[in-house]
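The values are calculated or read from the model by the stated rules, or taken from the named source; none is laboratory data. Given the structure is predicted, the values throughout are model-derived calculations rather than measurements. As a convention, Cβ positions derive from the backbone with ideal geometry for all residues, glycine included, and neighbour counts pool all protein chains shown.
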Amino acid sequence: MCLYFEYKLYRANRTTKINAEHFEAFASPNYPELVMSGMNLVVNTKALYRPNRRKRLIVHKTLETDILLIKMFPGMKEASLKYLLSYPGLKGLIIETYGTGNVSNTKWFIDLLRAVIKRGIPVINVTQCAGGGVSMGLYETSTDLKKIGVISGKDCTTEAALAKLMYLLGQGISPNSFKTIYETSLRGEMN
């Protein structure tokens, strides 16, 4: 799937909306445009995704929506996070962290995430930054996340990370395989 806007064709699963008012409203910070149109049509053939054409298109309709997206910020309170993460129907969690996947490494925060993971709920780490991706363990503030089993969203956009989590949870992937499958590009959504 693609998104065409303001003379550019983007891979839909690598695109994010960056402006609500201007015509240059979309960007693909971690993947080049597929086509630029104008007087000439410039096609970036190296960036085109070539799926296996022998496989039939399957539209997956079973998506898990009991997931939570939390944008991390300095000064978050333990009680607030504890309340959100105690939701009994929670099936998946995405945390938007700083830079390359960094976040508070206070004991209470790591313990909250560890408890979520022990409940069999996958926790995905994506960056708040428009470009780049998560590299847990690069800095001390993300080392504990890696140790407790938080899954790297790598360079996925938040939108792609949410869609992928909804899809994989809907497929009933076993907890033992979930991390490996999530951290693997399924449709070109991550490098």
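Tabulated data
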{"read-out": "Residue list for the stretch 30-44, filter: part of a loop (DSSP other than H, G, I, E, B), surrounded by 11 or more Cβ atoms within 10 Å (Cβ to Cβ) and either assigned by TED's automatic domain parsing to the domain that holds residue 127 or of a type outside the set (Asp, Glu) (or both)", "value": "30, 31, 32, 34, 37, 44"}
{"read-out": "Residue 134 being farther than 15 Å from residue 92 by Cα, crowded, with 22+ Cβ neighbours inside 10 Å and among the aliphatic types (A, V, I, L, M)", "value": "yes"}
{"read-out": "Entirely in the stretch 55-169, the helices (runs of 4 or more DSSP H) that have 2 or more residues that are hydroxyl-bearing (Ser, Thr, Tyr)", "value": "78-85, 140-148"}
{"read-out": "Selected residue [touching a residue at least 60 places away in the same chain (Cβ under 8 Å) and touching a Phe, Trp or Tyr at 6+ places or on another chain (Cβ under 8 Å)] from 188, 132", "value": "188"}
{"read-out": "Selection count where residues are farther than 23 Å from residue 160 by Cβ and not polar (S, T, N, Q), scope the stretch 24-42", "value": "4"}
{"read-out": "Residue list for the stretch 45-72, restricted to those being at pLDDT 85 or above and surrounded by 14 or more Cβ atoms within 10 Å (Cβ to Cβ)", "value": "63, 64, 67, 68, 69, 70, 72"}
{"read-out": "Out of 87, 83, sole residue that is loosely packed, with under 14 Cβ neighbours inside 10 Å, assigned by TED's automatic domain parsing to the domain that holds residue 173, of a type in the set (Phe, Trp, Tyr) and in contact (Cβ under 8 Å) with a residue 12 or more places away in the chain", "value": "87"}
{"read-out": "Residue that is surrounded by the most Cβ atoms within 10 Å (Cβ to Cβ) [pool: residues in the stretch 147-180 that are over 14 Å from the mean Cα position of the chain (by Cα) and of a type in the set (S, T, N, Q)]", "value": "171"}
{"read-out": "Single residue of 92, 120, 101 found to be in contact with a Pro (Cβ under 7 Å, 6 or more places away or on another chain) and buried (at least 18 other Cβ atoms within 10 Å of the Cβ)", "value": "92"}
{"read-out": "Number of the condition not met by residue 10 [criteria: (1) more than 30 Å from residue 175 (Cα to Cα); (2) assigned by TED's automatic domain parsing to the domain that holds residue 139; (3) buried (at least 17 other Cβ atoms within 10 Å of the Cβ); (4) not charged (D, E, K, R)]", "value": "(2)"}
{"read-out": "Pairs, first under 15 Å from residue 67 (Cα atoms) and touching a residue at least 60 places away in the same chain (Cβ under 8 Å) in the stretch 147-175, second β-branched (Val, Ile, Thr) and outside any strand (DSSP E or B), C-beta under 6 Å, six or more apart", "value": "170/62"}
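For (1) touching a strand residue (DSSP E or B) at 6+ places or on another chain (Cβ under 9 Å); (2) among the hydroxyl-bearing types (Ser, Thr, Tyr); (3) farther than 21 Å from residue 189 by Cα, each residue gets a yes or a no:
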residue	(1), (2), (3)
82	no, no, yes
85	yes, no, yes
98	yes, yes, no
105	no, no, yes
109	no, no, yes
118	no, no, yes
